[in-house]
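Working notes, beginning with the structure itself.
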Amino acid sequence: MSKFMSAEEAVKLIQDGDSVAVCGNGGGVLEPNFLFEALERRFLETGHPGNLSLTHAAGIGDKENGGISRFAHEGMVRRVVGGHWGWSPRMQQMANDNLIEAYNLPQGVISMQYREVAGHRPGLITKTGMGTFVDPRVSGGKLNTCSQEDLVEIVEMNGEEWLHYKAYPYNIGIIRGSFGDAEGNISMEQEPCYLDALQIAQAVHNCGGKVICQVKYASQTGTMDPKHVRIPGILVDAVVVCPGQVQTIEAEFDPSLTGDLKIPVEAIAPMKLDQRKVVARRAAMEMRRGMIMNLGFGMPDGVAKVAAEEGISDYAKIAIEQGLVGGVPASGAIFGVSYNPEGMIDGPSQFDFFNGGGLNMTCLGLAQVDAAGNVNVSKFGPTISGAGGFIDISQQADKCVFCGTFTAGGLKTEIVDGELHILQEGRAQKFVQNVEHITFSGEYARATGQTVIYVTERAVFELTDEGLVLREIAPGVDLNRDVLGQMSFRPLMPEPPKQMDLRIFRPEKMGLCED
């Protein structure tokens with residue numbers, strides 16, 4: 001019996017009260033949007049299915065009506081467990097209004113949890129999240145007052161404290177691939193990453209649920225190369241063909257994102273010399289030959305462009321949480337894929353590597369930093385960005401380099417004759433007495449001996465056992481007015497801060513290759 005169905009037929013498999021796991025990543029990457037649209041349409045027309053529990057590891061959407069926003073209707077979902085919430089302001093609003101139970105857990109934890117569910121194990125035991133907002137002694141990942149169930153608990157094993165993320169079942173999996181046949185075999189040849197699609201399918205199948213997969217092409221049964229079948233048909237219940245499926249929101253298909261074509265690194269346009277490039281250049285100076293490193297979303301992704309411009313892209317291997325190794329990570333909306341990747345593995349396996357200390361360095365964003373060295377990127381007042389893979393990555397890397405502007409909201413700068421000038425200060429301070437949400441724990445970092453550096457366009461700080469030390473300031477800025485006067489606490493200065501490398505503020509290449 002053929003497993004091919006229309007989208008309308010497939011979403012009828014989803015019943016009121018089901019626990020639904022979905023795959024996807026920002027920028028339309030591996031997003032089964034055709035199925036999301038059909039499911040939303042069914043709910044708006046019939047009121048069913050309702051009272052769903054929704055789980056997603058990565059952020060999915062377009063900050064408007066796509067992705068997870070398709071589920072953001074009162075009565076459609078009762079609970080959302082998400083790794084990243086930033087792509088759906090509508091779902092954030094529902095959480096803030098207490099219309100749904102809302103949890104933010106680390107992206108890697110959710111991805112690896114699918115394997116625990118598939119194996120009928122009681123949940124994930126890990127150090128990931130210790131001392132952060134997902135620690136049950138802080139908030140346990142709860143985002144509002146109606147979220148009462150404890151999904152995380154402290155357990156003791158071998159004389160050490162661990163976090164236990166409790167497993168729960170899934171009835172429905174909504175995933176995506178490139179080719180599918182009537183038996184449900186799915187290949188992902190045109191996808192720029194694999195994420196956790198296989199693990200979702202295994203978890204849902206072993207819970208006795210239904211797996212629905214969107215593909216671009218229908219394949220004749222028996223013609224697929226078994227080496228390309230990423231999800232075997234035994235795990236899939238419905239295959240829905242979407243001829244209009246695009247690889248990402250930026251292109252129907254870019255072969256350089258799948259390794260089918262290697263583009264010249266020189267073809268990647270260099271960044272203009274502004275505050276973002278200043279931060280990226282200073283962070284790139286922390287790179288060392290032979291490193292395995294990770295780059296986060298936002299300002300840190302500029303490090304890849306600087307490395308390409310400086311000719312040092314191949315000096316360090318960049319691994320990102322979506323499962324890509326090597327190449328040059330893309331920036332902006334399609335962050336999570338890489339040009340010229342050398343290897344593609346599934347997301348949960350990549351997080352295993354990260355959690356085990358496989359990263360020599362990571363460059364991640366910073367939105368708030370406090371006197372204890374804590375960093376917040378996950379929640380600011382009513383804005384729920386979510387941690388994404390930030391916690392999984394930052395806690396176990398040997399060195400963390402946090403990247404961001406010194407103030408937020410309207411900051412304007414210019415670089416003239418090798419000096420940084422502040423034209424307009426940001427409305428909000430980012431170096432605050434206490435962060436609103438602890439996404440990175442300075443205390444935990446000190447206890448584990450981690451090297452932690454905070455890079456901005458005008459100042460560089462380092463976390464020490466004594467606290468946050470101001471190490472460098474940019475040429476052209478005034479220490480008291482532009483740095484200390486824009487902080488809510490006074491950093492340590494055991495010696496006068498030195499000047500940031502002058503090459504950072506010059507238009508020509510820095511010569512990092514020679515360094």
- Message: Suppose the filter is under 30 Å from LYS12 (Cβ atoms) and either over 18 Å from the mean Cα position of the chain (by Cα) or among the aromatic types (Phe, Trp, Tyr) (or both); does ASP237 pass it?
- Response: yes
- Residue, nearest to the chain's Cα centre (by Cα), within region 485-514, restricted to residues that are of a type in the set (A, V, I, L, M) and over 16 Å from GLU457 (Cβ atoms): LEU512
- Of the numbered conditions (1) among the aliphatic types (A, V, I, L, M); (2) closer than 20 Å to THR132 by Cβ; (3) surrounded by fewer than 21 Cβ atoms within 10 Å (Cβ to Cβ), ILE312 fails exactly one; give the number of that condition. (2)
- If we ask which residues in region 243-267 are surrounded by fewer than 19 Cβ atoms within 10 Å (Cβ to Cβ) and β-branched (Val, Ile, Thr), their number turns out to be 4
- Query: Only one residue in TYR170, TYR165, TYR194 is under 15 Å from GLU31 (Cα atoms), in the same structural domain as ASP18 (by TED's automatic domain parsing) and either aromatic (Phe, Trp, Tyr) or free of Cβ contacts under 8 Å to residues at least 24 places away in the same chain (or both). Which one?
  - Reply: TYR194
- Message: So ASP482 passes all but one of these: (1) buried (at least 19 other Cβ atoms within 10 Å of the Cβ); (2) within 24 Å of the chain's Cα centre (by Cα). Which condition number does it fail?
- Response: (2)
- Query: Quick check: is even one residue across region 462-476 out of contact with any strand residue (DSSP E or B) (no Cβ under 6 Å at 6 or more places or on another chain) and more than 20 Å from VAL432 (Cα to Cα)?
  - Reply: no
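Let's see how each residue does on (1) modelled with pLDDT under 95; (2) farther than 24 Å from GLY358 by Cβ:
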{"residue": "PRO264", "(1), (2)": "yes, yes"}
{"residue": "PRO270", "(1), (2)": "yes, yes"}
{"residue": "ARG281", "(1), (2)": "no, yes"}
{"residue": "MET299", "(1), (2)": "yes, no"}
{"residue": "ALA316", "(1), (2)": "yes, no"}
{"residue": "GLY326", "(1), (2)": "yes, no"}
- Hey, GLU309 acidic (Asp, Glu) and in contact with a Pro (Cβ under 8 Å, 6 or more places away or on another chain) or not: yes
- Task: Being of a type in the set (S, T, N, Q) and part of a helix (DSSP H, G or I) is the filter here, so list the residues in region 452-484 that pass it.
- Result: ASN480
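Pull up region 120-143, narrow it to residues that are on the phi > 0 side of the Ramachandran plot and assigned to a loop (DSSP other than H, G, I, E, B), then point me to the one that is farthest from the chain's Cα centre (by Cα).
HIS120
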- Across (1) in a helix (DSSP H, G or I); (2) under 22 Å from the mean Cα position of the chain (by Cα); (3) closer than 30 Å to HIS228 by Cβ; (4) touching a residue at least 60 places away in the same chain (Cβ under 8 Å), GLN113 clears everything bar (4)
- For region 414-425, enumerate the residues that are closer than 15 Å to VAL278 by Cβ and assigned to a loop (DSSP other than H, G, I, E, B). ASP417, GLY418
- Look at GLY86 and say whether it is over 23 Å from THR132 (Cβ atoms), assigned to a loop (DSSP other than H, G, I, E, B) and in contact with a Lys or Arg (Cβ under 9 Å, 6 or more places away or on another chain). no
- Filter result for ARG70 (over 26 Å from the mean Cα position of the chain (by Cα) and basic (Lys, Arg)): no
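Conditions tested, residue by residue: (1) surrounded by fewer than 22 Cβ atoms within 10 Å (Cβ to Cβ); (2) under 20 Å from VAL279 (Cβ atoms); (3) touching a Ser or Thr at 6+ places or on another chain (Cβ under 6 Å); (4) outside the structural domain of PHE353 (by TED's automatic domain parsing).
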residue	(1), (2), (3), (4)
ILE391	no, no, yes, no
VAL432	yes, yes, yes, no
PHE440	no, yes, yes, no
GLY467	yes, no, no, no
SER488	yes, no, no, no
GLU495	yes, no, no, no
- Message: When you scan region 430-439, do you find a residue that is closer than 19 Å to SER378 by Cα and part of a strand (DSSP E or B), even just one?
- Response: yes
- Message: Just checking, does region 360-368 include any residue being on the phi > 0 side of the Ramachandran plot and either in a strand (DSSP E or B) or in contact (Cβ under 8 Å) with a residue 24 or more places away in the chain (or both)?
- Response: no
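The values are calculated or read from the model by the stated rules, or taken from the named source; none is laboratory data. All values derive from a computational prediction rather than experimental measurement. A quick note on method: Cβ atoms are made from the backbone with ideal geometry, for glycine too, and the neighbour counts reach across all protein chains shown.
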